[in-house]
Structure formats: C-alpha cells, structure tokens
Amino acid sequence: TDIHNRFAVDVFAKKNHLFITSMSKAKDVSARLIDGRFVGFSSDFPIEGDIPSELTPSDGGEFGIKVTESIDDRPFDETLVLIPKDIIIGVGCKRDTNPKVMESFVKDVLRRENISEHRIKRVASIDIKKDEDAIIELSERYGADLSFYNDVELNSIDGTFSSSEFVKRITDVDCVCERSAVCGGGELIMRKYASDGMTIALAKEPVVLRLM
C-alpha cells in the first residue's frame, strides 16, 4: 500500500468522532502496517465504504482495532479500543448551581447507566442558561461540544416528553433537559432525572463508520 494512502487511526478517529483509548497502541497500528503485519478490525457498528486492504476483518488475533461502546471489549490479544462519541447530555439547573455539584450529579448518572464518559459528544441546554458556569464547565470537563437552544427550537421537537408546569412558567418549555438532549437529532435513551434543582436526560446519536 502506498504510504500516503495507508490507513491512519488518528484520521479515521477524527472523521468518525471516536475516542482513542491508547495513543501508544495507535502508534503500534502504524508500525505494524508499515511492516506488513496483521492488524485485525472489528466493529459493533455499521460501516460505509470498504475496509482498507491492509486491515483484516476479524474478531480475534494477536493485534487489532475494536470500535465499541465498552472499553473492556478486547477481542484481540492486544486491542486498540475506539469509542464513539455518541451521547448527548441534556441538562437544566437552578441559577448559580455549583459546578462541582453538577459534575458529581452527572458522573453518578453516567455510572448508573453504565455509559463511559468518553462517549460524551455534546452538552445541551436552553439559551437562557448559556452563562451558567455549571453547564459550561461540564462541557469542558468532558471535552464535549456545547449547544444552547431557544424555546422555539425546543418546543418544535416532536415527541412525548416529561412535563413541568413550574419549568414551563420560567422557560416557556415544558422539559428543558429531554428536549435539549434530542434537539440535535439524537434518540432519547434516558428520560428526565432530577436532584437538588438539577435535571438530566440522555440521548444517543446513530453511529455509522465511514471508511472512504
């Protein structure tokens, strides 16, 4: 294979919003490909395009790449795990919520739902919260995108959502966290959970790997 066309883990990961769990193993991929050695490839997600010829579709062997939600899924003797960033966190909170309290709240929910923090792609809320430190710092903590939507955008989302008259009086939206979570196109996988004036909902974006 021409060296300029050879499969590059970092390029593939960036293109497909994948978290690289081990940079040293990513470098091993490049070294093995240069030497013409075996690199297996396995994915839990559908793939568009052809798998590069220097990778071997396989669920076992001495070394390989696995695209999966679970960091513990290691089918090869040595496995480079790539985790898709596919989770959107929709949040709401009372004014001046302590960022550390919000972070702990979200961390507990992710642990309970068995969702790796490496999967967090976006933190979303309503635009009247765009200066809320707890939400801004949450996105920074996870290296995630940050999106704020206005009431018209949130109310335009079709679906059945949890409803709060109190929240609607303040924001003109019946449920900030659930609507924020799905506003970017994800599917709701965890409905509103509330604690101490904070709310969270989780949505998942579809994952389709593009290899071309």
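The values are calculated or read from the model by the stated rules, or taken from the named source; none is laboratory data. As the structure is a computational prediction, the values presented were derived from the model and not from experiment. All Cβ positions, even for glycine, are placed from backbone atoms using ideal geometry, and neighbour counts span all protein chains on display. Heads up: the accessible areas ignore ligands, DNA and RNA and are worked out on the full protein's heavy atoms, side chains in. Shrake-Rupley method; radii C 1.70, N 1.55, O 1.52, S 1.80 Å.
Structure notes:
- Scanning the range 41-92 for residues that are assigned to a strand (DSSP E or B) and without any contact (Cβ under 8 Å) to a residue 60 or more places away in the chain gives Phe41, Ser42, Thr56, Pro57, Phe63, Gly64, Ile65, Lys66, Glu78, Thr79.
- Selection of the range 97-126 for residues being open to solvent by 50 Å² or more (accessible area, probe 1.4 Å), assigned to a helix (DSSP H, G or I), of a type in the set (D, E, K, R) and touching a residue at least 24 places away in the same chain (Cβ under 8 Å) yields only Glu117.
- Residues considered: Asp59, Asp10. Of these, the only one that is of a type outside the set (Phe, Trp, Tyr), loosely packed, with under 15 Cβ neighbours inside 10 Å and touching a Gly at 6+ places or on another chain (Cβ under 9 Å) is Asp59.
- Within the range 38-53, the set of residues being open to solvent by 50 Å² or more (accessible area, probe 1.4 Å), over 25 Å from the mean Cα position of the chain (by Cα) and either at pLDDT below 95 or aliphatic (A, V, I, L, M) (or both) comprises Ser53 only.
- Scope the range 139-164; condition closer than 14 Å to Ile126 by Cα, at pLDDT below 90 and among the hydrophobic types (A, V, I, L, M, F, W, C); matching residues: Ile157
- Top-ranked residue in the range 127-138 [being more than 21 Å from Glu205 (Cβ to Cβ) and aliphatic (A, V, I, L, M); ranked as least open to solvent (accessible area, probe 1.4 Å)]: Ala134
- Test: Phe76 is touching a Leu at 6+ places or on another chain (Cβ under 8 Å), more than 29 Å from Val123 (Cα to Cα) and of a type in the set (Phe, Trp, Tyr): no
- Qualifying residue in the range 31-39 (condition: part of a strand (DSSP E or B) and charged (D, E, K, R)): no
Let's see how each residue does on (1) acidic (Asp, Glu); (2) under 15 Å from Ile120 (Cα atoms):
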{"position": "Glu69", "(1), (2)": "yes, yes"}
{"position": "Val81", "(1), (2)": "no, no"}
{"position": "Lys85", "(1), (2)": "no, yes"}
{"position": "Ile88", "(1), (2)": "no, yes"}
{"position": "Gly92", "(1), (2)": "no, no"}
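- Across the range 139-157, the number of residues qualifying as open to solvent by 50 Å² or more (accessible area, probe 1.4 Å), among the aliphatic types (A, V, I, L, M) and either over 21 Å from the mean Cα position of the chain (by Cα) or more than 12 Å from Ser180 (Cα to Cα) (or both) comes to 1.
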